[in-house]
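Asks: Pasting a structure here, questions to come.
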């Protein structure tokens, strides 16, 4: 069985995990890549949220068909989404449609944040480290 983190602080009031045994390798690699290029760190509750979103079932598909996250504004939900979107763009070749329904300014800020992270990656000409190598993909 999958070993889900149990030391999450703050602990979610409600947590529904994908059923059965899942693979968290892609989620962990996505977090590592995002942290490397964004120069930021996810807290344990953000890591858990990304792992739930990106957990893969035995068939290689997302283990959770839908996910949800409820918390007040300005609590790092955007970072969680950035991890998933960056991985989708760079490693999966996905086309991402990101919509924001509350403000033009927030949409612009979100776009700028993602562009900053993307521009730091070797794919967009950035230097990933002193050695010029990206973190190892799992």
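The values are calculated or read from the model by the stated rules, or taken from the named source; none is laboratory data. What you see is a predicted model, and the numbers here were worked out from it, not measured in a lab. Neighbour counts are summed over all protein chains in view; Cβ atoms, including those assigned to glycine, are modelled from backbone coordinates with ideal geometry.
Asks: Out of all the residues in the stretch 11-28, which are within 21 Å of residue 76 (Cβ to Cβ) and surrounded by 10 or more Cβ atoms within 10 Å (Cβ to Cβ)?
Replies: Filtering the stretch 11-28 down to residues within 21 Å of residue 76 (Cβ to Cβ) leaves 11-17, 24, 26-28.
Once the filter is applied, which keeps residues that are within 21 Å of residue 76 (Cβ to Cβ) and surrounded by 10 or more Cβ atoms within 10 Å (Cβ to Cβ), the stretch 11-28 yields 11, 12, 15, 16, 17, 24, 26, 27, 28.
Asks: OK, next. Do the conditions hold for residue 120, that is, is it closer than 25 Å to residue 25 by Cα, surrounded by 15 or more Cβ atoms within 10 Å (Cβ to Cβ), at pLDDT 70 or above and more than 15 Å from the chain's Cα centre (by Cα)? Let's see the steps before the verdict.
Replies: Values: closer than 25 Å to residue 25 by Cα: yes; surrounded by 15 or more Cβ atoms within 10 Å (Cβ to Cβ): yes; at pLDDT 70 or above: yes; more than 15 Å from the chain's Cα centre (by Cα): yes.
Answer is yes for this residue.
Asks: On to the next question. Would you kindly identify the helices (runs of 4 or more DSSP H) lying entirely within the stretch 9-110 that contain at least 3 residues that are under 19 Å from residue 122 (Cβ atoms), in contact (Cβ under 8 Å) with a residue 60 or more places away in the chain and in contact with a helix residue (DSSP H, G or I) (Cβ under 9 Å, 6 or more places away or on another chain)?
Replies: Working: elements: 25-38, 44-54, 77-90.
Passing ranges, in order: 25-38.
Asks: Is it the case that the stretch 123-130 has a residue that's surrounded by 10 or more Cβ atoms within 10 Å (Cβ to Cβ) and modelled with pLDDT of 65 or more?
Replies: Yes, there is a match, as at least one residue in the stretch 123-130 is surrounded by 10 or more Cβ atoms within 10 Å (Cβ to Cβ) and modelled with pLDDT of 65 or more.
Asks: Give me a count of the residues in the stretch 29-39 that are within 16 Å of residue 76 (Cβ to Cβ) and surrounded by 13 or more Cβ atoms within 10 Å (Cβ to Cβ). Before you say what the answer is, go through the steps one by one.
Replies: Of the stretch 29-39, the ones within 16 Å of residue 76 (Cβ to Cβ) are 30-31, 34-35, 38-39.
From what's left, surrounded by 13 or more Cβ atoms within 10 Å (Cβ to Cβ): 30-31, 34-35, 38.
Here the count works out to 5.
Asks: Among the listed residues 31, 90, which satisfies the condition of being within 27 Å of residue 119 (Cα to Cα) and more than 9 Å from the chain's Cα centre (by Cα)?
Replies: On the way: 31 fails: more than 9 Å from the chain's Cα centre (by Cα).
Only one candidate qualifies: 90.
Asks: Against the conditions (1) over 21 Å from residue 3 (Cα atoms); (2) within 15 Å of the chain's Cα centre (by Cα); (3) surrounded by 12 or more Cβ atoms within 10 Å (Cβ to Cβ), where does residue 48 fall short? Just the number, please.
Replies: Just one mismatch for residue 48, condition (1).
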